[in-house]
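Structure, as structure tokens:
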Amino acid sequence: MRQVTTVALDQNFGNMSRFSSHYRRLFGESPSQTIRAARMTFHAAEQD
């Protein structure tokens with residue numbers, strides 16, 4: 001999984017706050033919320 005900072009820089013966001021605001025507008029949640037949900041899904045799948 002790529003780091004959020006790497007993705008932001010790849011997309012020419014020099015400011016993480018600006019990236020987070022843009023991400024929240026697009027997806028309705030913060031990048032950290034998306035990461036947390038993905039980790040929970042991954043760990044749940046591992047247990048099956």
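Here are some notes:
- If you go through region 35-48 and keep only what is farther than 14 Å from Thr5 by Cα and not in a loop (DSSP other than H, G, I, E, B), you end up with Arg36, Ala37, Ala38, Arg39, Met40, Thr41, Phe42, His43, Ala44, Ala45, Glu46, Gln47.
- Here Leu9 fulfils each of the conditions (1) loosely packed, with under 12 Cβ neighbours inside 10 Å; (2) part of a helix (DSSP H, G or I) apart from (1).
- Pairing each residue of region 13-27 that is under 16 Å from Gln3 (Cβ atoms) with any residue that is of a type in the set (Gly, Ala, Ser) and outside any loop (DSSP other than H, G, I, E, B), provided the two are 6+ apart or on different chains, yields C-beta distances under 7 Å for Met16/Ala8; Phe19/Ala8.
- Qualifying positions in region 16-34 - of a type outside the set (S, T, N, Q) and part of a loop (DSSP other than H, G, I, E, B): Gly28, Glu29
Coordinate-derived values only; no laboratory data. Just so it is clear, the structure is predicted and the values come from calculations on it, not from any experiment. No Cβ is skipped: glycine too gets one built from the backbone with ideal geometry, and neighbour counts run over all protein chains shown.
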